[in-house]
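Structure first, commentary second.
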Amino acid sequence: MTTLPARYFDGLSARGHEVLLSCEAGQLRLQGEGIQRCETLNAVELSPRLGHTRRRLLFVDGAVCELEDSPVLDTWFNAASHQRWNLLARLEAHWGMIAVAFSVVMALTVMLALWGLPWAAQKMAVRLPQEWVVQLGKGTLTGLDKALGDKTTLSLARQQALRDGFTPLAQEGAIPATLVFRDWPRLGPNALALPDGTIVMTDQLVALAEDDRELLAVLAHELGHVQERHALQKVMASSGVAALVFMLAGDVSGLANIVVVAPTIMTHLHHSRALEADADRYGFALMSRHGLDPVWFARIIRKLEAYHKSDAEDAGKDDSMSDWLRSHPASEERAHHAEQFRAQH
Ligand SMILES: [Zn+2]
């Protein structure tokens, strides 16, 4: 085994000790009179070669070894640094694994938000206990009333006349539906089906219609949303984590968090075209069974389209109307479907 003579300073006293250095399996050994020291090479620093100066080995505790330069020293330390590189390479491989794992977790989170939540919302919406659904619907209407007002300008007789037309349509469905009226100028002519089956029709919509059958057509469409639990799904899917925690934990206090956001979801997020088409089909079939021509739906939807278009041109109004147009890109198409339905049945 190669040995190199060196002078060792323990870092405590200025006195040097003569020692012999040897190296085996990455371990540096110092042996001398009264000196026995063994260190892993990775823990020892070798001073760089500078001309013909003596080399120094620096230990972490401040001890130093001085010796004549020798190619053997480089052999020992190069082997050790190679091992160090291997270690770094291994660590790097681990970082790679960590990055991969992180990416997978992120991707799963995004997938959960994009597809998992709507899917879970759809599955859970039909399984939620009725009392929670009722609570959610009541909370939603209360929130809307706070934001938009809780009155109607319609006389009791007028309300009753419309309810008389609505009741036979509503009685067909498995989920009970009720009809309420509200004077909501900010929402304009509109009707909303809330999560619990309450349908709100605005006085502005009643004013826009020229025939009550137009209003019944809208109500038949809204009953489609009620029977398919569209509002419940929408609120559940859109309130995101709150809904997920609520559904998984079944914690009723979670319901309060959803109720807070539900009115905004109801007025700002619209159903997808697919859901609208579902509700349309339900509405047309329901109307036909009750001797109502689906063409009334075509009439009112064209009126709504015209109203919202002219309203959007009124500068200075909030953007609720441009919202309406964005969410109802296919009004003409839907009117057409109503007319086709009439032709086919
Ligand atoms: Zn709709």
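The table below lists the values:
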item: Enumeration of residues in the stretch 119-148 that are in a loop (DSSP other than H, G, I, E, B) and loosely packed, with under 13 Cβ neighbours inside 10 Å; result: Val126, Arg127, Pro129
item: Subset of the stretch 286-330 [modelled with pLDDT of 65 or more and within 15 Å of the ligand (Cβ to nearest atom)]; result: Leu286, Met287, Pro294, Phe297, Ala298, Ile300, Ile301, Leu304, Glu305, His308, Ala330
item: One residue from Ala107, Ala177, Ala157 being of a type in the set (A, V, I, L, M, F, W, C), without any contact (Cβ under 8 Å) to a residue 60 or more places away in the chain and not assigned by TED's automatic domain parsing to the domain that holds Arg229; result: Ala107
item: Test: residue in the stretch 204-227 that is more than 16 Å from the ligand (Cβ to nearest atom), surrounded by 21 or more Cβ atoms within 10 Å (Cβ to Cβ), at pLDDT below 80 and in a helix (DSSP H, G or I); result: no
item: Test: residue in the stretch 25-32 that is over 14 Å from Trp76 (Cβ atoms) and either out of contact with any Ser or Thr (no Cβ under 6 Å at 6 or more places or on another chain) or not aromatic (Phe, Trp, Tyr) (or both); result: yes
item: Subset of the stretch 46-95 (residues that are at pLDDT 75 or above and either within 42 Å of the chain's Cα centre (by Cα) or aromatic (Phe, Trp, Tyr) (or both)); result: Phe59, Trp76, Phe77
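Here is a yes/no grid of residues against (1) within 16 Å of the ligand (Cβ to nearest atom); (2) modelled with pLDDT of 90 or more; (3) exposed (fewer than 15 other Cβ atoms within 10 Å of the Cβ); (4) assigned to a helix (DSSP H, G or I):
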site	(1), (2), (3), (4)
Ser103	no, no, yes, yes
Ala107	no, no, yes, yes
Met111	no, no, yes, yes
Leu117	no, no, no, yes
Asp150	no, yes, yes, no
Asp164	no, yes, yes, yes
Gly173	yes, no, no, no
Pro185	no, yes, yes, no
Pro195	yes, no, no, no
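The values are calculated or read from the model by the stated rules, or taken from the named source; none is laboratory data. Since the model is a prediction, treat every value here as computed from it, not as a measurement. Positions of Cβ are backbone-derived with ideal geometry, glycine not excepted, and every protein chain shown enters the neighbour counts.
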